[in-house]
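Engineer: Right, I'll just put the structure down here and ask away after.
Rule-based calculations on the coordinates, nothing more; no lab input. Every value quoted in this text rests on a predicted model; they were computed, and no experiment measured them. Here Cβ is always computed from backbone atoms with ideal geometry, including for glycine, and neighbour counts include all displayed protein chains.
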Amino acid sequence: MKKEMVGIVLAGGQSRRFGSPKAFAERNGIPFYFYSIQAMDDLVESIVLVTNESLFKQFRNEKLSVELTTDHQDFAGLGPLAGIYTAMEKVEAEWYLIAPVDVPFIEKRIFSLLLPYRSNNPDVIAPIAGDRLQPLLSIFRGTMKDKIKEQLLRKELSIKQLFDKCTVSYVEMKDDLLFTNINSLEEYNCFLE
Ligand SMILES: Nc1nc2c(ncn2[C@@H]2O[C@H](COP(=O)(O)OP(=O)(O)OP(=O)(O)O)[C@@H](O)[C@H]2O)c(=O)[nH]1
């Protein structure tokens, strides 16, 4: 049965810049990926965490109450759009709350501020924080699935390219610290040590 709201945690990246799986890096003793789950947990009916083959076991050992899966075999490793498509294929929903695993200051209020924009009837609701678009911490309508698949089949992996083809409600957010994205150890040391 189609759900109203489902969460997607994107956890299938390679963490090349970080040097080890950044999903499991910690802030205050809690792994990064868990902050993303927590930020959406109260707002959705279920959560799909999409990872890759090499991290799957490690996530399974965490015994999470989320649906754990790996990227759709046709698109494995093709980036965040592959993860979003995979989750949309797994669980049908009207809306998807999406978060990456490398934003350890993420809070529920980001999604709470985005959700009301559903009334504008957009395909996507995406925040702009500190003048930067945050396309991976956003809300997608389920009808985006076919457009994402078309792009993946053409190996067009850019989210911004996808946004050019749909209606996006852009939402300016003041507190850009919440969106702090940790890609490297230098960034980790700067924001978390
Ligand atoms: N499911 C899935 N998630 C992905 C994929 N690529 C990136 N992600 C996730 O998307 C978010 C942003 O990823 P990036 O930081 O751009 O890429 P990364 O591969 O994790 O890191 P780098 O190797 O340093 O570029 C993170 O939460 C990643 O786990 C993918 O192919 N599949």
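Engineer: Kindly work out what percent of the DSSP beta bridges joining two residues of the range 96-186 are antiparallel, to the nearest 5.
Structural biologist: 55
Engineer: Reachable lysines from LYS149, Cα under 24 Å, same-chain residues fewer than 8 places away excluded?
Structural biologist: LYS2, LYS3, LYS90, LYS160, LYS165
Engineer: Starting at the first residue of the range 167-176, write each ³J(HN,Hα) from the Karplus equation 6.51 cos²θ - 1.76 cosθ + 1.60 with θ = phi - 60°, in whole Hz, x for Gly and Pro.
Structural biologist: Using θ = phi - 60°, the values come out as 8, 10, 8, 8, 10, 6, 10, 7, 7, 6 Hz.
Engineer: Just want the ordering: ASP102, ASP42, ASP123, ASP71, from fewest to most Cβ atoms lying within 10 Å of their own Cβ.
Structural biologist: Taking fewest neighbouring Cβ atoms as first place, the list is ASP42, ASP123, ASP71, ASP102.
Engineer: Could you work out how far apart the two model spin labels at GLU94 and ARG17 are, taking each label as a point 7 Å from the Cα in the direction of the beta carbon, and quote it in nm?
Structural biologist: Between GLU94 and ARG17, the simple spin-label model gives 3.7 nm.
Engineer: When the dipole is taken about the Cα centre of the range 103-193, and only Lys, Arg (+1) and Asp, Glu (-1) are charged at their Cβ, what size is it in debye, to the nearest 20?
Structural biologist: Roughly 580 debye for the range 103-193.
Engineer: Add -39500 (n - 2.57) for each DSSP H run of 4 or more in the chain, then divide by its residues: what number comes out at 222 nm, to the nearest 500 deg cm²/dmol?
Structural biologist: Computed mean residue ellipticity for the chain: -8000 deg cm²/dmol.
Engineer: Ok, one more. Please give me, ordered by residue number, the trypsin sites (Lys or Arg not before Pro) of the range 13-84 that lie in loop per DSSP and have at most 15 other Cβ atoms within 10 Å.
Structural biologist: Loop-located and lightly packed - ARG16, ARG17, LYS63.
Engineer: Write down the radius of gyration of the chain and its Dmax, each obtained from C-alpha positions, in Å.
Structural biologist: Cα only, the chain: 15.5, 45 Å (Rg, Dmax).
Engineer: Could I have the simple spin-label model distance between LEU153 and GLU172, label points 7 Å from Cα toward Cβ, reported in nm to one decimal?
Structural biologist: 4.0
Engineer: Please work out the C-alpha center-to-center distance from the range 35-84 to the range 146-176 and express it in whole Å.
Structural biologist: 20
Engineer: Moving on to the next point. Using unit Cβ charges (K, R positive; D, E negative) and no other charged atoms, how large, in debye to the nearest 20, is the dipole of the chain about its Cα centre?
Structural biologist: Rounded to the nearest 20 debye, it is 300 debye.
Engineer: Could you tell me which of THR69, PHE56, ALA25 has its Cα farthest along the dipole of the range 21-74 towards the positive end, charges placed at Cβ (Lys, Arg +1; Asp, Glu -1), taken about the Cα centre?
Structural biologist: The residue sitting most towards the positive pole is ALA25.
Engineer: In addition: Considering Cα pairs under 8 angstrom that are at least six residues apart, work out the relative contact order of the chain and quote it in whole percent.
Structural biologist: Once normalised by length, the contact order is 26 percent.
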